[in-house]
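Accompanying notes for the structure given below.
What follows draws every value from the coordinates through simple rules; no lab data is involved. Fair warning: this is a prediction, and the values are worked out from it, not measured in the lab. Quick reminder, even Gly has a Cβ in these numbers, built from the backbone with ideal geometry, and neighbours come from all protein chains shown.
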C-alpha cells in the first residue's frame, strides 16, 4: 500500500481539482496525475472522470472512496497512538460539533491539558453521526454531541439541557420587541441553519413550507457572522446565543409557537471498551458537573 497515492486519491476526490490537490499536498500537478494513474493501474479501474473543465469520481472511485477514507483515518490514528505511547502517559482523541467546540467545550479541553500535561490530545470536528462512527472505528475516544447513541457498544452521560431562542439584531426593531408568530417571520431577514434533532423536526412541523428563508447555511461560524453583520434573525441554542445576548449584540425575540419549542440535551459519549482510560475519566470528571 502506497500511503501517498491513497492520500492523493482522497484529496482529489474531496477537492475535484488537480490544482487544489497539488496545493494542499504541496506537490506538483504532474505528481498528482502520476499518482492517480499508478493507483488506477494497480486497481485496474478508472477512478476519476476527467474533462477539460472538471474532474469527478467515477462509479468505481465513488465505491472506493469511503473505504479509502476510513483506512487512511485509521492509519493516521495508529501513527498518533504509536507516537503518543512513546512521548506521553495517556492519549485522548475528542470529537464534537463545531458549535459545541467554539461555544462550550474548548475551555474544558484547555483545562484538561493544563491539569494533565502528560496527556496528548487530538481534536476532531463533524456532525453527530460521524462522531459515533469515529468512536466505533476507534479513531476517537470520546465525543460531546446533542444526541444519544443507539449502538449497544456506546455509553453516554447527559451533561446538560438547553433551550433554543429566536434571536436577532436589536436594529430589526424600532420599538419594543413584540411576540412574533410563524406568520410574522420575515423571510428576507430570516436566516436558517438545520440544527440537529429535535430542533429540525420541530422546525418542519412549526414552520414547514410557510417560510422559505433568504439564507440557509450548514456552518455555525458562518451562520452567526451573517446573523450579526447582516442584522438578521434566526434560532440559536443557549450555549451559542448566551454571550451575544449578554453583550447586547443580539436580543431574544419572543416567539409564539403552535408546537412547544424543544430543548436539546448535550451528551458525553464513549465506547464501552474505553471506560478504564485515565484520560477519559479525567475529562469526564471535568465536564460532569459543568451544568445541571
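Some notes on this structure:
- For residue 278 and residue 178, the FRET efficiency from 1/(1 + (r/R0)^6), where r spans their Cβ atoms and R0 equals 45 Å, is about 0.25.
- Antiparallel bridges, percent of DSSP beta bridges restricted to the chain (to nearest 5): 60
- Packing-based ranking, highest mean first, of 7-14, 222-229 given that Cβ atoms within 10 Å are counted: 7-14, 222-229
- Just so you know, the Rg over Rh for region 1-149 is 1.05, from Cα atoms, with Rh as the Kirkwood radius.
- Taking region 161-263 and dividing mean pair separation by its residue count, relative contact order in percent (alpha carbons under 8 Å, at least six apart): 54
- Residue 49-residue 20 FRET efficiency (beta carbon distance; Förster radius 22 Å; 0.05 resolution): 0.80
- Equivalent ellipsoid, region 3-79 (semi-axes from 5 times Cα gyration tensor eigenvalues, Å): 19, 15, 11
- Size descriptors for region 161-263: radius of gyration and Dmax over Cα atoms are 12.5, 34 Å.
- Set against the labelled values [x] 1.19; [y] 1.13; [z] 1.07, Cα Rg over 2.2 N^0.38 Å computed from this structure falls on [x].
- Here the label points at residue 285 and residue 113, each 7 Å from Cα along the C-beta direction, are separated by 2.1 nm in the simple model.
- Spin-label model distance (nm) - residue 27 vs residue 226, 7 Å beyond Cα toward Cβ: 3.6
- For residue 63 and residue 196, the FRET efficiency from 1/(1 + (r/R0)^6), where r spans their Cβ atoms and R0 equals 41 Å, is about 0.90.
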